[in-house]
Amino acid sequence: MVDFAEVLVPAEQEGTKAVVRNWLKKPGETVALDDPLVELETDKVTQEISAPAAGILDEIVLASGADVVPGSVLGRIRLTTAPTGDGRQPEARPLAHGDTGGAGSERFSPAVRSAGQQYGIDPAEVAGTGKDGRVTRTDMDAAFRATQPIVSDQEPSISGSRIQARDPISPRSRMVAHTPMRLSIAQHMLASVTTAPHVTSIVEADFTAVLKHRESNRAAFAAEGINLSYTAYIVGACVAAMQAVPEVNSRWHDDHLEIFDDINIGVGTALGDKGLVVPVIQQAQDLSLSAIAAKLQELTNRARAGGLTNADMRDGTFTISNHGVSGSLVATPIIINQPQSAILGLGKVEKRVVAREVGGADTIQIRPMAYVSLTIDHRALDAHQTNAWLTRFVETLEGWRG
């Protein structure tokens with residue numbers, strides 16, 4: 001009797017949605033135990049699924065582009081070697097001579113090595129979009145396309161002895177398929193602005209006290225392996241503002257406003273061209289500044305390494321968009337992360353000339369300033385709560401002592 005092993009989508013899939021991105025083997029090809037077999041792309045990460053057993057890929061059940069859920073059968077492997085006495089599958093075969101594709105190529109999947117040989121491209125020189133920065137076959141295809149000249153259909157035509165340009169001439173372009181992450185972001189943003197009436201209030205915050213406190217304490221934090229970032233102070237100020245105006249930490253329902261006791265603050269983290277994820281600091285109201293900074297550091301590092309899980313990004317009650325890190329002063333409206341009631345926007349901290357009263361006299365000073373915005377769901381909140389929240393937020397930053 002012929003035995004088969006099913007290739008399954010992991011139960012703990014990274015992301016809420018997934019599609020089959022690329023099969024690395026074809027039906028009929030031999031696979032070894034733990035060989036990279038198929039790539040899945042979710043709205044969060046790209047991950048490789050390895051062969052659960054040695055054998056021959058007998059069937060691809062879900063082809064490239066198919067939607068999958070945890071537990072879905074992706075394909076089947078026809079076993080060529082019987083299991084060992086203890087029920088384990090035999091170990092993967094060693095690579096054959098000449099199968100490594102060059103020094104250090106054991107880091108790359110067979111599909112990537114094959115593409116490298118086909119295209120004449122060293123995988124080590126390609127930026128990977130897979131988990132932990134791993135290079136995928138799709139990355140190799142993209143790298144090859146980038147080396148090709150753009151071919152325009154606006155070629156001049158020859159009529160008699162004269163060269164005539166085609167009229168009209170349209171701009172040259174190229175098509176870039178949306179990733180599941182980009183599609184998920186687009187759907188979420190559209191749903192938010194369709195659902196909630198957005199209103200934004202903007203104030204200024206003086207970061208002088210924060211800078212002084214950070215300069216006095218960053219070495220002590222660093223000695224404990226903690227990066228004391230500006231964002232840690234922002235999270236702490238959000239907690240203080242929520243405690244003064246708890247209605248902002250809420251969710252709108254048709255017949256009531258749900259106000260949360262736990263302050264779970266999501267922090268938008270950009271992943272370059274890949275998109276954006278929002279890891280959540282749970283129960284921030286119970287954390288000290290050092291605990292907030294440590295948690296931020298952990299979540300940010302794992303986000304950029306593609307190591308976040310669904311648990312890291314759920315149950316948020318409020319979100320921070322620190323758009324100033326990319327240089328912008330003001331962004332509006334910053335779209336609410338549904339089903340939350342508000343989102344904070346932080347612009348770039350820069351030195352500006354401001355007027356300050358000293359000893360009863362007006363003075364001109366240079367201070368580190370930033371524009372702060374709070375975008376609200378106007379169904380849930382009004383100007384009174386919005387401005388009271390911003391006032392307490394700014395007071396906390398400008399009066400930071402410990």
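Bear in mind that the values in this text are calculations on the coordinates, not laboratory data. Since this is a predicted model, take the numbers as computed values, not measurements. Here the Cβ is made from the backbone with ideal geometry for all residues, glycine too, and neighbour counts use every protein chain on show.
The slack in the chain from T200 to I366, taken as 0.36 nm per residue of separation less the alpha-carbon distance, amounts to 57.1 nm. Counted by Cβ distance under 15 Å from D254, the other residues give a net charge of -1, where Lys and Arg count +1 and Asp and Glu count -1. Among the listed pairs K295/K351; K212/K348; K274/K351, those with a Cα-Cα distance over 26 Å are K295/K351; K274/K351.
Here the Karplus curve 6.51 cos²θ - 1.76 cosθ + 1.60, taken at θ = phi - 60°, turns the phi angles of the range 72-80 into couplings of 4, 7, 7, x, 9, 10, 7, 6, 10 Hz, with x standing for Gly and Pro.
Note on H188 and K26: the model spin-label points, each 7 Å out from Cα along the C-beta direction, lie 3.9 nm apart.
Taking amide H positions as modeled 1.01 Å from N, with prolines and chain starts lacking one, the residues under 5 Å from E204 and 5 or more places away or on another chain are V372.
Calculated FRET efficiency, S114 to N301, Cβ-Cβ distance, R0 = 45 Å: about 0.85 to the nearest 0.05.
Multiplying the residue separation of D255 and N310 by 0.36 nm and removing their Cα-Cα distance gives an extension gain of 16.9 nm. With the simple model of a label 7 Å out from the Cα in the direction of the Cβ, K274 to T80 spans 3.4 nm.
Charged neighbours of Q283, selected by a Cβ distance under 12 Å, balance to -3 (K, R count +1; D, E count -1). Each Cα pair under 8 Å and six or more residues apart adds its sequence gap; the mean of these over the residue count of the range 197-398 is a relative contact order of 32 percent. A Förster radius of 25 Å combined with the Cβ-Cβ distance from K212 to L329 puts the calculated FRET efficiency at roughly 0.65.
Shape class of the range 197-398 from the alpha-carbon gyration tensor: oblate, with a/c at 1.5 or above and b/c at least as large as a/b.
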